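Below is one structure, written out as structure tokens; the observations come after it.
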């Protein structure tokens, strides 16, 4: 169990532990690594590399692998990383946001602390994961499930080979039903990618406000153990 | 002489801009042929990529405006020409 942590018995929402978790949750290395790896992947694929390019596809696959590992960790990892420690509860999230705003507005009440994500953070985590999973899955649909190596081979043909061979490969993929749904997948992929960035910006703002209200930097435990 | 040249250049400029690839032009079914054909039509290719069953050629005209030229990989014909900024 993480330092300063209390057992969790509830199933509907993280239980607050006022005044008992002065340091907040201690995130294990896998949570910290996956958090920043996802951040780097999103920034790279959204801002830096060319959509549909080899790097974009490689990073998309890496993102899918990171999500898979993190989801498995949600079942077998330490208590603060488990899904049962931060089940989504929109009503608790709203209550937490109201308490946060009251605190920031000068109210002297003590803001509840949680052994894992607070209820607002929990809702944000699930929303981000849902959008990231959607981006990854629609990316797979758009590429017909082609691996990054296959994508690189296709790009090599585009740059130096005979394009008619691509038509043949695409017709074969269509016959197998792999190419179906490319248009809708592209639309959903773009909308979900935009939503990921919007949610990430709200997440950053939330962390800044919560840090201010609690009087400690919440980014630090996501960077190092103590 | 300079003035005459300048006036001639100004008159010809719009026509030069029109010498871009247009839908229906056959530019080839490989990068080398398509690059040569697009350059001949006034658009210097910077990249090719496959997109939605087409080949997208990114090219720059003499005014340094970037265009996306979509090519049917089966026939080598231009199917769409788009301003990259739009």
* Could you list the residues of segment B:59-80 with an amide nitrogen less than 18 Å from a label point located 7 Å from the Cα of residue B:23 in the Cα-to-C-beta direction? => B:67-80
* Asked: What length, rounded to one decimal in nm, is gained on full extension from residue A:50 through to residue A:191, with 0.36 nm per residue of separation minus their alpha-carbon distance?
  -> 49.1 nm
* Asked: Quick one: B:75, B:46, fewest Cβ neighbours within 10 Å first, how do they rank?
  -> B:46, B:75
* Asked: What does the average come to when, for each residue of peptide B:28-37, you count the partner chain Cβ atoms lying within 10 Å of its Cβ?
  -> 3
* Cα gyration tensor, segment A:53-210 - rounded (a/c under 1.5), prolate or oblate -> prolate
* Structure fact -> Partner shielding of A:151-157, as the mean number of partner chain Cβ atoms within 10 Å, equals 2
* C-alpha center-to-center spacing [segment B:36-76, segment A:37-73] in angstrom -> 28 Å
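Work out the mean other chain Cβ neighbour count within 10 Å for the residues of B:44-53 and drop it here as an integer.
Averaged over the peptide's residues, the number is 5.
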* Would you calculate the separation in nanometres between label points at residue A:217 and residue B:64, each defined as 7 Å from the Cα along the Cα-to-beta-carbon direction? => 4.2 nm
* Asked: Using 0.36 nm per residue, how much length does the chain from residue A:43 to residue A:72 gain when fully extended, once their Cα-Cα distance is taken away?
  -> 8.0 nm
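Rule-based calculations on the coordinates, nothing more; no lab input. Remember, it's a predicted structure, so these values are computed and weren't measured experimentally. Ideal geometry is used to build each Cβ from the backbone, glycine not excepted, and the neighbour counts take in all protein chains shown.
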